[in-house]
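S.K.: Let me begin by handing over the structure; questions about it come next.
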Amino acid sequence: MSTAGWLQAAFLLMVLVAVHVPLGDYMARAFTSDRHWRIEKAIYRTVGIDPDGEQDWRRYLTATLAFTAMSIAALFFLFLWQDLLPWDHGHPGLGWMLALNTAVSFTTNTSWQNYAGETTMGHVSVMAGLGVQAFASAAVGLCVALALVRGLTRHSTKDLGNFWVDLVRSIVRILLPIAAVAGIVLLALGVEQNLHGTQLSPTLAGGAGTQKIVGGPVASWEPIKLMSGDGGGFFNASSAHPFENPNAWSNGIEILLMLLVPVAFIRTFGRLVGSLKQSWTLLTVVGILFVGLLLAASLAQGAHSGTVPTAVGGQTEGTEVRFGVPGSTMFGLSATGSADGAANSSYDSFSSLGGGTLMAAMMLGEIAPGGTGSGLYGLIMIVLVAVFIGGLMVGRTPEYLRKRIGVGEMRYVVSYALVAPTLILVASAIAVALPAGRAGMGNSGAHGLSEVVYAATSTTQSNGSSFGGLSGNTPFYNLGMCVTMLVGRYLPMVFVLALAGRLAGQKPGAVTTGTLRASGVNFVALATGAAVLLALLNFLPALSLGPLADGMR
Amino acid sequence: MRTFRTYFAALKMVIALTLLVGVVYPLATVAVAHVPFLHHQAEGSRIAAGSSLIGQSFTDSQGNAVPQYFQSRPDGEDPTATGASNLGPENVVDTLPTPGDPGKTSLLTNVCTRSVKVGTLEHVSGARPFCTPDGVGAVLGVYYSGGNVGTVTRVVSLNQACPAAPFVATYQGAKVECAKPGEDYSAAVVTPIRGDAPAHPVVPADAVTGSGSGLDPDISPDYARLQAPRVAAARQVPVAEVLKLVHKHTSGRGLGFLGEPAVNVLQLNVDLDRTYPVKAN
């Protein structure tokens, strides 16, 4: 990779680290403030809830699931009947299977798309459908993470906070203000924002006749699509489309937007548990994993080994000239590491090992830095595994932040850790075994398997990026993915909230000399090792048959 | 009862949030987009001939390159169906056309075909590694006596339909056959042949690969420099004058390291038409 490429990566990461401090501190204040803003009070009054009431883990979960169910229903009917709404620009209502898949996909923060945006969605479906769930699904992730943090910081109580307050504050105080500002910045850089349909324009040479210019409210969609961990494109080409991502500056901003909230939330965690050392420790773990993956992906992409890249003289298939290969690789890794899943290039056409690295970033459990909220609770789960292993190795009581991590706690942690691998591997196996699953592959051989494993991983881990060659708009994939997306998102949340409830109920423990210190080089190595070990144990066989076999040929 | 109340509250919350972030926020952004500094971008950066952000093809009605225009990357032309080829790095074997089946070319063959086409247009060599001189992927299907071990028993040039002459006559002592469309060669070991083309071909990488959007508005400065002599000749101006305009429409890296240098093809061509209009014969 070129010097400029490395400088670009270093620069963006430095900006990220600099910005995460004030934003993380602000988020901590937003979540702990006991004052409600006027607009928030209006929402609580309309909805009819008491913002100062607390919920135990079961009621917190019930509220989460109720909000989810209503969100899916609202999206489903919106898509089904979008032709009755204004600014539909002639797009018919979606078929029920695609509508269901898309409703589940955006509510679960996955935003896997079995359709091409510009030829399917009316503007109201984007603004009031996808847009709302981009905000809301990200906020739900933050809510569940907050509940877990309260479980860690409170003791002798059942109370984990109030889902509705966490939800509304996440949106009103954090996501909406950043989106509004970032939207204007992107607009100034060239992202369009209008309510037009498709306009015909003459072309300069005229040989191919007229050209269609597709309008839409893209600038209001783009920042929340990236920040939320949502990632679904307004256009089929997502952030490769010049109207979504017009130049190198917007590309840098979009990379930052994907990483921003998940990374700042680690700082928030430090503030909430009263130990900034903790947040720096976790950020170090995340940084090691992310930079390691970025190095691997960049070297694989820069080496352009493989038949077609050698013939071309570079990994340029499916990339845009203005971003180049480095800008595409970093975007890809940020999109898979952050659970966002946006794309500014074709990941399917990445070099075999480069594409494999993107898959590995998701298989790591979406913790580097992971989704909005979900990244932090995924990370804490890995930390608990590390604490437990570490405690057993040195014969000390496994403790984290003065909470004892005993058998009861580990039961939830291990259940959490098993959901994704089980679901991904079983779903991939079913898809490969059935003719309906194999029919969707766009490439043959090992690369076809990569497409299927990537899809199973992406939908289970709420990522939503794809090896785009897979044709997913079939009954098998539409409905099968609903299962992987729902189970992959909410079953882990159940375990997280149950664990939070159990931790909150513990009496305060005393820090003794027998406590394993959850910071320092040893701990960072232990936690990083635990994350890598879990991912490798689960997924190495699948990776060997897909991208590794493809790349080693 | 309490659960029912929770679900009812959830429904009202979805509606309230829809109003706030699904209606007020995007429409407010649409309203802000009408201020003068933002309006041009908000409308899609439109110019008389399309949008400066959206790539277009500069071909005549037969699809041939118009010589006085710089050519875009090899993409489709329909902005309502954006996207990439999504073909992988080892996608190297074509499905040859048979009566009733148009077939499907592999990514490798697409690259090779484009390279030969660009080479012909610009009067330079279109040779690339793993490509045949006639512009398809140089890929052999090799049959061994023991599956994928043993001696070579039969060799087929998989992407060269009969009666084409295979790009090599023999492979490890066995005669190379041309491929019969429709025949199943899946038992053969797919073996791409590197050939002796230079590792850095004359035709640049972006000229032979599709973009991520299918609408890339830019080409690399290398590809622009390759095209400059042809454009200059068609407009009867010195190449240096054309290169000056190329330079003018090249956006460098932001801060010196963000992104890659890129030449906006449409704006360059519009500027050429204005500065050096084609003289009518």
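The values are calculated or read from the model by the stated rules, or taken from the named source; none is laboratory data. It should be emphasised that the depicted structure is a prediction, and the values quoted were computed from it without experimental measurement. Reconstructed Cβ throughout: ideal geometry from the backbone, glycine too, with neighbour counts over all protein chains shown.
S.K.: Going residue by residue through the range B:163-178, is there one that turns out to be crowded, with 18+ Cβ neighbours inside 10 Å, touching a residue at least 60 places away in the same chain (Cβ under 8 Å) and either within 14 Å of another protein chain (Cβ to nearest Cβ) or out of contact with any Lys or Arg (no Cβ under 9 Å at 6 or more places or on another chain) (or both)?
M.R.: no
S.K.: Does B:LEU140 satisfy the condition of being in contact (Cβ under 8 Å) with a residue 60 or more places away in the chain, assigned to a strand (DSSP E or B) and over 18 Å from the mean Cα position of the chain (by Cα)?
M.R.: Values: in contact (Cβ under 8 Å) with a residue 60 or more places away in the chain: no; assigned to a strand (DSSP E or B): yes; over 18 Å from the mean Cα position of the chain (by Cα): yes.
Considered against the rule, which asks whether it is in contact (Cβ under 8 Å) with a residue 60 or more places away in the chain, assigned to a strand (DSSP E or B) and over 18 Å from the mean Cα position of the chain (by Cα), B:LEU140 comes out as no.
S.K.: Give the range A:254-287 a look and list any residue that's surrounded by 24 or more Cβ atoms within 10 Å (Cβ to Cβ), of a type outside the set (Asp, Glu) and within 14 Å of chain B (Cβ to nearest Cβ), or say none.
M.R.: A:ILE255
S.K.: Here are some residues: A:GLY270, A:GLY302, A:GLY292, A:GLY287. Which one is at pLDDT below 95 and part of a helix (DSSP H, G or I)?
M.R.: Values: A:GLY270 fails: at pLDDT below 95; A:GLY292 fails: at pLDDT below 95; A:GLY287 fails: at pLDDT below 95.
It is A:GLY302.
S.K.: If you don't mind, another one. Just a yes or no: is a residue in the range A:289-303 within 14 Å of another protein chain (Cβ to nearest Cβ), touching a strand residue (DSSP E or B) at 6+ places or on another chain (Cβ under 9 Å), closer than 30 Å to B:PRO261 by Cβ and buried (at least 24 other Cβ atoms within 10 Å of the Cβ)?
M.R.: Checked against the condition, which is being within 14 Å of another protein chain (Cβ to nearest Cβ), touching a strand residue (DSSP E or B) at 6+ places or on another chain (Cβ under 9 Å), closer than 30 Å to B:PRO261 by Cβ and buried (at least 24 other Cβ atoms within 10 Å of the Cβ), the range A:289-303 yields no hits at all.
S.K.: Something else: If a residue has to be more than 14 Å from chain B (Cβ to nearest Cβ) and either modelled with pLDDT under 90 or under 17 Å from A:GLY356 (Cβ atoms) (or both) to count, how many in the range A:440-459 make the cut?
M.R.: 3
S.K.: Restricting to the range A:46-81, name every residue that is away from chain B (no Cβ under 11 Å) and either under 14 Å from A:ALA147 (Cβ atoms) or under 27 Å from the mean Cα position of the chain (by Cα) (or both).
M.R.: Matches in the range A:46-81: A:GLU54, A:ASP56, A:TRP57, A:PHE76, A:PHE77, A:PHE79, A:LEU80.
S.K.: Could you list all residues from the range A:397-413 that are surrounded by 15 or more Cβ atoms within 10 Å (Cβ to Cβ) and free of Cβ contacts under 8 Å to residues at least 40 places away in the same chain?
M.R.: A:ILE405, A:MET410
S.K.: Return the residues of the range A:101-153 that are within 30 Å of A:LEU272 (Cα to Cα), within 12 Å of chain B (Cβ to nearest Cβ) and of a type in the set (D, E, K, R); say none if nothing qualifies.
M.R.: none
S.K.: Looking at (1) of a type outside the set (A, V, I, L, M); (2) closer than 30 Å to B:ASP75 by Cα; (3) part of a helix (DSSP H, G or I), which is the one condition that is false for A:PHE235?
M.R.: For A:PHE235, the exception is condition (3).
S.K.: Report yes if A:GLY5 is in contact (Cβ under 8 Å) with a residue 24 or more places away in the chain, outside any helix (DSSP H, G or I) and either within 26 Å of the chain's Cα centre (by Cα) or over 30 Å from A:SER334 (Cα atoms) (or both), otherwise no. Don't jump to the end; show me each part of the working.
M.R.: Numbers: in contact (Cβ under 8 Å) with a residue 24 or more places away in the chain: yes; outside any helix (DSSP H, G or I): no; either within 26 Å of the chain's Cα centre (by Cα) or over 30 Å from A:SER334 (Cα atoms) (or both): yes.
In short, no.
S.K.: Of all residues in the range B:241-266, which are over 16 Å from A:PHE11 (Cβ atoms), out of contact with any strand residue (DSSP E or B) (no Cβ under 8 Å at 6 or more places or on another chain) and touching a residue at least 12 places away in the same chain (Cβ under 8 Å)? Don't jump to the end; show me each part of the working.
M.R.: From the range B:241-266, those over 16 Å from A:PHE11 (Cβ atoms) are B:241-251, B:261-266; that's our starting set.
Narrowing the set further to residues that are out of contact with any strand residue (DSSP E or B) (no Cβ under 8 Å at 6 or more places or on another chain) leaves B:241-245, B:247-248.
Listed by number, the residues that qualify are B:GLU241, B:VAL242, B:LEU243, B:LEU245, B:LYS248.
S.K.: Among the residues of the range B:116-132, how many are within 28 Å of B:TYR69 (Cβ to Cβ) and part of a loop (DSSP other than H, G, I, E, B)?
M.R.: So the first thing to find is which residues in the range B:116-132 are within 28 Å of B:TYR69 (Cβ to Cβ), and the list is B:116-128, B:131.
After this cut, where a residue has to be part of a loop (DSSP other than H, G, I, E, B) as well, the list is B:123-128.
Final tally of qualifying residues: 6.
S.K.: Let me ask something additional. Between A:LYS212, A:LYS225, which is crowded, with 17+ Cβ neighbours inside 10 Å and assigned to a helix (DSSP H, G or I)?
M.R.: On the way: A:LYS212 fails: assigned to a helix (DSSP H, G or I).
That would be A:LYS225, the only listed residue that is crowded, with 17+ Cβ neighbours inside 10 Å and assigned to a helix (DSSP H, G or I).
S.K.: With respect to A:LEU534, is the statement that it is touching a Gly at 6+ places or on another chain (Cβ under 6 Å) and aliphatic (A, V, I, L, M) true?
M.R.: Numbers: touching a Gly at 6+ places or on another chain (Cβ under 6 Å): no; aliphatic (A, V, I, L, M): yes.
No: the conditions fail for A:LEU534.
A quick yes/no check of all residues on (1) assigned by TED's automatic domain parsing to the domain that holds B:PHE58; (2) within 22 Å of B:THR120 (Cα to Cα); (3) surrounded by 15 or more Cβ atoms within 10 Å (Cβ to Cβ):
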| residue | (1), (2), (3) |
| --- | --- |
| B:ALA197 | no, yes, yes |
| B:HIS200 | no, yes, no |
| B:ALA224 | yes, yes, yes |
| B:ARG230 | yes, yes, yes |
| B:SER251 | yes, no, yes |
| B:VAL265 | yes, yes, yes |
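S.K.: Let me ask something else about it. Taking the condition modelled with pLDDT of 95 or more, outside any loop (DSSP other than H, G, I, E, B) and of a type in the set (D, E, K, R), does A:ASP25 pass?
M.R.: Working: modelled with pLDDT of 95 or more: yes; outside any loop (DSSP other than H, G, I, E, B): yes; of a type in the set (D, E, K, R): yes.
Judged against the criteria, A:ASP25 is a match.
S.K.: Something else about it: For the range B:99-117: of the residues being of a type outside the set (S, T, N, Q) and surrounded by 23 or more Cβ atoms within 10 Å (Cβ to Cβ), which is farthest from the other protein chains (Cβ to nearest Cβ)? Steps first, please.
M.R.: So in the range B:99-117, the residues of a type outside the set (S, T, N, Q) come out as B:99-104, B:107-108, B:111-112, B:114, B:116-117.
Applying the additional criterion that residues be surrounded by 23 or more Cβ atoms within 10 Å (Cβ to Cβ) yields B:107-108, B:111-112.
Working: B:LEU107: 5, B:LEU108: 5, B:VAL111: 5, B:CYS112: 7 Å.
Step by step, filter the range B:99-117, then rank; the result is B:CYS112.
S.K.: Test A:ALA205 against the criterion of being at pLDDT 95 or above, at the interface with chain B (Cβ under 8 Å from one of its Cβ atoms) and over 19 Å from the mean Cα position of the chain (by Cα), and give yes or no.
M.R.: No, not satisfied.
S.K.: Now for a separate question. I need the helices (runs of 4 or more DSSP H) fully contained in the range A:84-175, keeping only those with at least 2 residues that are under 18 Å from A:ALA339 (Cα atoms). First the steps, then the outcome.
M.R.: Details: elements: A:96-107, A:117-120, A:131-153, A:163-169.
Output list reads A:96-107, A:131-153.
S.K.: Please work out which one of (1) outside any helix (DSSP H, G or I); (2) under 15 Å from the mean Cα position of the chain (by Cα) is the condition A:ALA361 fails and give its number.
M.R.: A:ALA361 satisfies every listed condition except (1).
S.K.: For A:SER338, state whether it is crowded, with 22+ Cβ neighbours inside 10 Å, under 24 Å from the mean Cα position of the chain (by Cα), at pLDDT below 95 and of a type in the set (S, T, N, Q).
M.R.: Working: crowded, with 22+ Cβ neighbours inside 10 Å: yes; under 24 Å from the mean Cα position of the chain (by Cα): yes; at pLDDT below 95: yes; of a type in the set (S, T, N, Q): yes.
Against the criterion (crowded, with 22+ Cβ neighbours inside 10 Å, under 24 Å from the mean Cα position of the chain (by Cα), at pLDDT below 95 and of a type in the set (S, T, N, Q)), A:SER338 qualifies.
S.K.: When the range A:491-511 is examined, which residues are found to be over 17 Å from A:GLY406 (Cα atoms) and either surrounded by 20 or more Cβ atoms within 10 Å (Cβ to Cβ) or in contact with a strand residue (DSSP E or B) (Cβ under 9 Å, 6 or more places away or on another chain) (or both)? So that I can check it myself, show each step before the final result.
M.R.: If we filter the range A:491-511 for residues that are over 17 Å from A:GLY406 (Cα atoms), which is where we start, we get A:491-494.
A:PRO492, A:MET493, listed by residue number.
S.K.: Residues that are within 7 Å of another protein chain (Cβ to nearest Cβ) and within 30 Å of B:ASN110 (Cβ to Cβ): find the helices (runs of 4 or more DSSP H) completely inside the range B:202-281 holding 2 or more of those.
M.R.: Working: elements: B:221-235, B:239-248, B:265-275.
Correct list: B:265-275.
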